[in-house]
Amino acid sequence: MTETAPIPTKTQRASTLVLDGVEVPFQDGESLYQVAQRHRSEVPTLCYDPRLDAFGACRLCVVEVEGFRTPVASCTTRAAAGMKVRTRTDALEQHRKTLLELVASESRDSGDAHGKGTPGHVDPLRGYASQELATLTARYAVDGTRFAGAHSGRSHREDDNPFLLRDYDLCISCYRCVRVCAEREGDHAISVANRGFHTQITTEFGGKLLDSSCTFCGQCVQTCPTGALADRKAMRNAGQPGELTKTRTVCPYCGVGCSVDIVTRGERIVAVQPAMDGPANEGALCVKGQFAWDHVQHPERLKTPLVRDAAGRLVPASWDEALGRAAAGFAKALREHGDESIYAIASGRAPHESAYTIQKLIRAAAGTNFVDNCSRA
Ligand code: SF4
Ligand code: SF4
Ligand code: FES
């Protein structure tokens with residue numbers, strides 16, 4: 001997962017270090033990884049998510065610092081004035097490749113048992129970051145067979161929740177899921193049990209997510225770099241032909257304005273993913289924004305107004321007829337009960353223009369200020 005670290009402002013104390021032979025500025029508190037990334041050094045990462053505290057688990061981000069005996073993890077090493085840092089050397093690339101071979105050997109698809117499979121290659125519908133391991137194994141031409149053997153993580157695919165697939169055979173113990181749940185969602189629904197090959201991402205007492213404190217926000221799914229945690233709804237459409245297209249928009253559910261990418265194949269929505277650079281949500285969503293999109297293309301979706309006939313049954317009507325009926329109802333209420341008989345609440349799911357129009361209608365046509373918007377609640 002990548003981000004461009006901000007350039008130091010004039011009010012922040014800027015010092016310099018030497019990065020791959022070039023003197024570059026950094027701001028107090030920045031890590032070597034953030035400095036390197038801002039200067040487009042392609043340092044690989046797996047346990048890093050820019051929204052989370054650096055963790056230092058995978059060690060793929062190692063760099064050489066003059067005077068240091070061994071390479072250091074750049075995500076957990078603070079930049080200091082005068083440092084001389086190298087991010088690209090043959091020794092570092094070999095070091096990273098070996099680490100990646102160890103990581104890849106943890107994947108179910110490491111190719112170890114029968115010589116099949118390529119580690120990390122999973123359907124992109126599993127989640128936003130699900131291609132990260134595959135991208136790195138391709139970049140370093142790693143197949144996972146060199147350290148083939150035992151795997152950690154037992155899958156919990158039978159967990160009958162409707163949203164999250166828990167396919168821990170693909171887990172590489174980066175702990176991004178656990179950290180995002182704690183640091184971003186504040187939920188602590190999942191944790192790590194045991195060590196070594198017995199390491200397991202789990203809920204309290206190893207139970208189902210439905211029985212845990214999980215809010216089904218989906219953030220663990222979207223940060224998982226291997227697809228071990230996957231969007232179960234999106235996976236109904238996995239492996240089908242046709243290109244996936246992402247369209248940036250704003251979630252319509254409430255007034256927060258979370259940015260989302262609608263993932264479509266042809267004319268159909270197949271998934272929703274949070275926008276990591278969304279200013280209001282920075283990759284977070286709630287269960288509705290993340291998973292409640294079936295109604296958009298549901299065959300029984302209401303597409304025409306309904307009005308009641310003489311017998312009280314709801315029957316399809318034209319928009320003119322439906323709006324005429326509504327206007328007549330408002331006029332009757334005003335005539336018989338006065339302007340305090342009407343109170344309008346605009347939906348938080350409606351755009352600004354609609355919210356403006358409803359207050360104009362109520363104030364100008366009905367002559368009352370009884371109007372509100374549910375986003376204020
Ligand atoms: S869906 Fe959200 S609350 Fe549930 S485990 Fe994942 S991050 Fe935690
Ligand atoms: S489930 Fe995914 S995010 Fe969680 S530790 Fe395993 S690989 Fe990392
Ligand atoms: S990204 Fe730095 S240790 Fe994993």
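Consider GLY206 carefully, then state whether it is within 30 Å of ARG268 (Cα to Cα), more than 19 Å from the chain's Cα centre (by Cα) and of a type outside the set (A, V, I, L, M). Outline the logic, then answer.
On the way: within 30 Å of ARG268 (Cα to Cα): no; more than 19 Å from the chain's Cα centre (by Cα): yes; of a type outside the set (A, V, I, L, M): yes.
It is false that GLY206 is within 30 Å of ARG268 (Cα to Cα), more than 19 Å from the chain's Cα centre (by Cα) and of a type outside the set (A, V, I, L, M).
The rows are residues; the columns are (1) in contact with a Ser or Thr (Cβ under 8 Å, 6 or more places away or on another chain); (2) away from ligand 3 (no atom under 16 Å from the Cβ); (3) under 30 Å from ASN237 (Cα atoms).
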site: GLU93; (1), (2), (3): no, no, no
site: ARG139; (1), (2), (3): no, no, yes
site: GLY149; (1), (2), (3): yes, yes, no
site: ASP169; (1), (2), (3): yes, yes, yes
site: SER173; (1), (2), (3): yes, no, yes
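If you go through the range 209-224, how many residues are within 10 Å of ligand 2 (Cβ to nearest atom) and in contact with a Ser or Thr (Cβ under 7 Å, 6 or more places away or on another chain)?
1
Assigned to a strand (DSSP E or B) and either in contact with a Cys (Cβ under 8 Å, 6 or more places away or on another chain) or within 16 Å of ligand 1 (Cβ to nearest atom) (or both) - does that describe any residue in the range 234-254? Lay out the reasoning, then the answer.
Quick first cut of the range 234-254, residues assigned to a strand (DSSP E or B) only: 244-250.
Filter again for either in contact with a Cys (Cβ under 8 Å, 6 or more places away or on another chain) or within 16 Å of ligand 1 (Cβ to nearest atom) (or both), leaving 250.
Yes.
Pairs needed: first member in the range 231-256, free of Cβ contacts under 8 Å to residues at least 12 places away in the same chain; second member anywhere, crowded, with 18+ Cβ neighbours inside 10 Å; C-beta distance under 8 Å; at least 6 residues apart or different chains.
VAL250/CYS258; VAL250/SER259; VAL250/VAL260
Please tell me if THR264 is farther than 24 Å from SER375 by Cβ and either modelled with pLDDT of 95 or more or in contact with a Phe, Trp or Tyr (Cβ under 8 Å, 6 or more places away or on another chain) (or both). Steps first, answer last, please.
Working: farther than 24 Å from SER375 by Cβ: yes; either modelled with pLDDT of 95 or more or in contact with a Phe, Trp or Tyr (Cβ under 8 Å, 6 or more places away or on another chain) (or both): yes.
So THR264 passes the test.
Using beta carbons and a limit of 6 Å, which pairs, at least six apart or on different chains, have the first residue in the range 44-63 and among the acidic types (Asp, Glu) and the second one within 13 Å of ligand 2 (Cβ to nearest atom) and modelled with pLDDT of 95 or more?
Every condition considered, the pairs that remain are ASP49/ARG176; ASP49/THR223.
With the requirement that a residue be assigned to a loop (DSSP other than H, G, I, E, B), in contact with a strand residue (DSSP E or B) (Cβ under 7 Å, 6 or more places away or on another chain) and within 14 Å of ligand 1 (Cβ to nearest atom), what does the range 172-194 give you?
Initially, the range 172-194 is screened for residues assigned to a loop (DSSP other than H, G, I, E, B), giving 172-175, 184-189, 194.
Subset that is in contact with a strand residue (DSSP E or B) (Cβ under 7 Å, 6 or more places away or on another chain): 175, 189, 194.
Correct list: TYR175, ALA189.
Could you grab the pairs with beta carbons closer than 8 Å, sequence gap of 6+ or different chains, first residue in the range 189-202 and within 10 Å of ligand 2 (Cβ to nearest atom), second one polar (S, T, N, Q) and in a strand (DSSP E or B)?
Cβ pairs passing all conditions: ILE190/THR202; ILE190/THR203; VAL192/GLN200; VAL192/THR202; ILE201/SER191.
Spot the failing condition for CYS214; the list is (1) in contact (Cβ under 8 Å) with a residue 60 or more places away in the chain; (2) crowded, with 16+ Cβ neighbours inside 10 Å; (3) within 16 Å of ligand 1 (Cβ to nearest atom); (4) not polar (S, T, N, Q), and only one is missed.
Among (1) in contact (Cβ under 8 Å) with a residue 60 or more places away in the chain; (2) crowded, with 16+ Cβ neighbours inside 10 Å; (3) within 16 Å of ligand 1 (Cβ to nearest atom); (4) not polar (S, T, N, Q), the lone unmet condition for CYS214 is (1).
Considering every residue within the range 281-300, establish whether at least one is surrounded by 17 or more Cβ atoms within 10 Å (Cβ to Cβ), out of contact with any Phe, Trp or Tyr (no Cβ under 9 Å at 6 or more places or on another chain) and not aromatic (Phe, Trp, Tyr).
Step one: of the range 281-300, the residues surrounded by 17 or more Cβ atoms within 10 Å (Cβ to Cβ) are 281, 283-286, 289-291, 293.
Subset that is out of contact with any Phe, Trp or Tyr (no Cβ under 9 Å at 6 or more places or on another chain): 281, 284, 293.
Restricting the remaining residues to those that are not aromatic (Phe, Trp, Tyr) gives 281, 284.
Yes, some residue in the range 281-300 is surrounded by 17 or more Cβ atoms within 10 Å (Cβ to Cβ), out of contact with any Phe, Trp or Tyr (no Cβ under 9 Å at 6 or more places or on another chain) and not aromatic (Phe, Trp, Tyr).
The values are calculated or read from the model by the stated rules, or taken from the named source; none is laboratory data. For clarity, every value in this text was computed on a predicted model and none was experimentally measured. Glycine gets a Cβ as well: all are built from the backbone with ideal geometry, and neighbour counts include every protein chain shown.
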